[in-house]
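Engineer: Here's a structure for you.
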Amino acid sequence: MAVRKICIWPDPALSEIATKVEVVDASVQTLVQDLFDTMYEAHGVGLAATQVAVAQRALVIDLDPLADAVHDSEYAEQLEAWGFKGPQAFINPEIIASSGSIWWEEGCLSVPGITEKVKRFDEITVKALDAKGEVFELSASGLYAVAIQHEMDHLEGKVFVEYLSKLKRDVVKRKMLKLKTHTDDGVEAAL
Ligand code: NI
């Protein structure tokens, strides 16, 4: 168990295209556990290995990191409608079916404090390996589909701000470079 350092965009590590995991061995399982630990510590709902400078095709998602659904039946129903069944690791994920479109205000632990609307598929079916190395398929919609697509982009070296216009992206970049200076001085990033 370990919390790793999250790279802040435009860190070059975030542009690396991740390679396929050949065997889900103990080192991959440690990576997955560290991704969960790092994501929870940073109060995120998803994290890709690329974001901790590991160019391997692995990501984790938990849309209910504070277990709110236990005492919020509306949220529990929403999570169920999205196809979310609990914390999930996706290794070598592939989208095997997709339909519809949805605009969602996205954020990213690698671009703290910034949210922007991005267009994604509304419904996807994903095939991947779980943390035990077993193949599974799941269908996701709404925020779950958005989160999976956002994290899968990271594995292609793509960060959501790259969907923005150059002008907006440059503004974000300047903010991040300023923030990075602060972070390097020992001040924690906001997200
Ligand atoms: Ni992200």
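Throughout, read-outs are computed from the coordinates displayed, never taken from laboratory work. Nothing here was measured: the structure is a model prediction, and the numbers come from that model. Note that we place each Cβ from the backbone using ideal geometry, even for glycine, and neighbour counts take in every protein chain shown.
Engineer: Under DSSP H, which helices of the chain have Cα atoms covering 15 Å or more of the helix axis and a Kyte-Doolittle average no less than 0.0?
Structural biologist: Helices meeting the span and hydropathy rule in the chain are 26-41, 142-155.
Engineer: Report the local net charge at Glu105: Lys and Arg +1, Asp and Glu -1, summed over other residues whose C-beta lies under 11 Å from its C-beta.
Structural biologist: -1
Engineer: GNM, the chain, Cα, under 10 Å: largest mean-square fluctuation among Ser139, Ser101, Ser15?
Structural biologist: Ser101
Engineer: Full extension from Ala67 to Leu164: what is 0.36 nm times the residue separation minus their Cα-Cα distance, to one decimal in nm?
Structural biologist: Stretched fully, the Ala67-Leu164 segment lengthens by 31.7 nm.
Engineer: Quick check for the range 12-164: number of Lys pairs with alpha-carbon distance under 18 Å, counting only pairs 8 or more apart or on different chains?
Structural biologist: Close lysine pairs found across the range 12-164: 7.
Engineer: While we're looking at this one, here's another question. Hey, which lysines would be in cross-link range of Lys175, C-alpha to C-alpha under 17 Å, not counting anything within fewer than 8 residues on its own chain?
Structural biologist: Lys166
Engineer: Just want the ordering: Leu177, Leu129, from fewest to most Cβ atoms lying within 10 Å of their own Cβ.
Structural biologist: Going from least to most buried by this count: Leu177, Leu129.
Engineer: For a Förster distance of 35 Å, can you work out the FRET efficiency between the beta-carbons of Ala26 and Lys5, rounded to the nearest 0.05?
Structural biologist: The formula returns an efficiency of 0.95 here.
Engineer: Determine the percent antiparallel among the DSSP beta bridges restricted to the range 12-164, to the nearest 5.
Structural biologist: 95
Engineer: Also: Aspartates and glutamates near Lys173 by alpha-carbon distance under 12 Å, same-chain residues fewer than 8 away left out - which ones?
Structural biologist: Asp11, Glu162
Engineer: Share of Cα-Cα pairs in the range 12-164 beyond 27 Å, in percent?
Structural biologist: 16
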